[in-house]
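Colleague: Pasting a structure below so you can have a look.
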Number of protein chains: 2
Amino acid sequence: MREQGMLIVVSGPSGVGKGTLCNILVSKVEDVFLSTSATTRLPRPGELDGVNYIFMSHENFEDKIKKGQFLEWAKVYTNYYGTPKDVVIKKLSEGKDVILEIDIQGAAQVKKNYPEGIFIFIAPPSIEELEKRIIKRGSDTKDSVDLRLKCAKEEIQAAFDYDYVIINEDLDTAALMLQSIVLAERCRVSRNKKKLLEIKGGSQL
Amino acid sequence: MREQGMLIVVSGPSGVGKGTLCNILVSKVEDVFLSTSATTRLPRPGELDGVNYIFMSHENFEDKIKKGQFLEWAKVYTNYYGTPKDVVIKKLSEGKDVILEIDIQGAAQVKKNYPEGIFIFIAPPSIEELEKRIIKRGSDTKDSVDLRLKCAKEEIQAAFDYDYVIINEDLDTAALMLQSIVLAERCRVSRNKKKLLEIKGGSQL
């Protein structure tokens, strides 16, 4: 087992398919833990507390901000989203890779605090395609769709500060790319120095 | 199509399985071109000129060295090995990723001339396991096996200068790791700036 896991931030515009890709990753690759965000927004149909999100009141969320209990948090539109710090730190120390599926604002905060994290940007093939997907998802009003698209154009600029970009045109291909990035990063020499020393020193030749 | 391919150097001790891994990679991933090395050593049974190696005389090889026609070359034990420059440059400019499966000395030369290359070290799970594999391959005398193993211990030290290390314990896993590194590197933001600008600017919003 590895001594320390990797912190992997998966971000991108709203509606781009981050959640689906992260769920596929967790189902296919061992020792990957998907962090559950906390939010003050209302559950969508079918969403479960503690599974999709940790749903909490505005009051409770703001109290935790004051106590410094979030790895990152952001107010997006009218709601708070954030990553509770304690579970992430614990999983990393157990050698698990922790995936944070978070918005661009949150990712920028994590980058400031954890520059050694791996930052992956999920981009739509085009703004037009993103619009179709958000409308198809059906959870946004017309005004909300327009706001999300306006933000998306600005948000794509943020991709230039990331390590990797995956253009989510075909889901299977995008999922393979995400898996590949995680597996490749595990092969970095900087993460395998101890193993290399063992191999080198393990012989009596 | 990408404008410029990646130069990917796969190296490691003799007998570690570099060749097998590179062949699997080429069969599984599109737009990957395996460079054929030139050598002055004699063909092993079943090896074909222009397929496994470009076999050439010592005289011919030394003439090409003088003319600067190798990307890297090295004298290993008693024979020359080298990578003819022209084909590699052409394939990279066509947007193909070029794999150089070369020894440690050659890789060090490429690193000096092409620091933007991707350097992957294939390591054995242990020196003892490497010994078994070299003996099993059956193409070396007892003295030659001993020499290869002595070099291997020194060569593993070189891994610390590489970008990635793959420990070739299980062939399928190692092949997946090699594929993952190539696919992940294609997702680097630095290699996708043009695409990102297109996505960002492609809307009339």
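Colleague: Go through the range A:152-178 and give me each residue that's assigned to a helix (DSSP H, G or I) and more than 15 Å from A:A107 (Cα to Cα).
Modeller: Hits for the range A:152-178 are A:K153, A:L171, A:D172, A:T173, A:A174, A:A175, A:L176, A:M177, A:L178.
Colleague: Exactly one of (1) in contact (Cβ under 8 Å) with a residue 24 or more places away in the chain; (2) more than 27 Å from A:L176 (Cα to Cα); (3) touching a helix residue (DSSP H, G or I) at 6+ places or on another chain (Cβ under 6 Å) is unmet by A:I118. Its number?
Modeller: Looking at each condition in turn, A:I118 falls short on (2).
Colleague: Within the range A:155-176, can you find the residues that are facing chain B (nearest Cβ under 9 Å) and open to solvent by 40 Å² or more (accessible area, probe 1.4 Å)?
Modeller: Answer for the range A:155-176, where residues must be facing chain B (nearest Cβ under 9 Å) and open to solvent by 40 Å² or more (accessible area, probe 1.4 Å): A:Q157, A:F160, A:D161, A:D163, A:I167, A:L176.
Colleague: Go through the range B:180-203 and count every residue that is at the interface with another protein chain (Cβ under 7 Å from one of its Cβ atoms), part of a helix (DSSP H, G or I) and not charged (D, E, K, R).
Modeller: 7
Colleague: Here's another thing I want to ask about it. Considering only the range B:40-141, give the helices (runs of 4 or more DSSP H) lying wholly within it that have at least 3 residues that are in contact with a strand residue (DSSP E or B) (Cβ under 9 Å, 6 or more places away or on another chain).
Modeller: The qualifying helices (runs of 4 or more DSSP H) are B:58-66, B:85-93, B:104-113.
Colleague: Follow-up. Are any of the residues in the range B:139-153 within 14 Å of chain A (Cβ to nearest Cβ), surrounded by 22 or more Cβ atoms within 10 Å (Cβ to Cβ) and modelled with pLDDT of 95 or more?
Modeller: For the range B:139-153, residues within 14 Å of chain A (Cβ to nearest Cβ), surrounded by 22 or more Cβ atoms within 10 Å (Cβ to Cβ) and modelled with pLDDT of 95 or more: absent.
Colleague: Does the range B:115-138 contain at least one residue that is buried (at least 18 other Cβ atoms within 10 Å of the Cβ), modelled with pLDDT under 90 and within 17 Å of the chain's Cα centre (by Cα)?
Modeller: The answer is no, given that none of the residues of the range B:115-138 is buried (at least 18 other Cβ atoms within 10 Å of the Cβ), modelled with pLDDT under 90 and within 17 Å of the chain's Cα centre (by Cα).
Colleague: Quick check on my filter: what residues within the range A:1-30 are in a loop (DSSP other than H, G, I, E, B), under 28 Å from A:K195 (Cβ atoms) and open to solvent by less than 70 Å² (accessible area, probe 1.4 Å)?
Modeller: If the condition is that a residue be in a loop (DSSP other than H, G, I, E, B), under 28 Å from A:K195 (Cβ atoms) and open to solvent by less than 70 Å² (accessible area, probe 1.4 Å), then A:R2, A:G5, A:M6, A:V29 are the ones that fit.
The values are calculated or read from the model by the stated rules, or taken from the named source; none is laboratory data. Computed from a predicted model, the values in this text were never measured in an experiment. Every residue, glycine as well, gets a Cβ built from its backbone with ideal geometry; the counts of neighbours run over all protein chains shown. Keep in mind that these areas ignore ligands, DNA and RNA; they rest on the heavy atoms of the full protein, side chains included. Shrake-Rupley method; radii C 1.70, N 1.55, O 1.52, S 1.80 Å.
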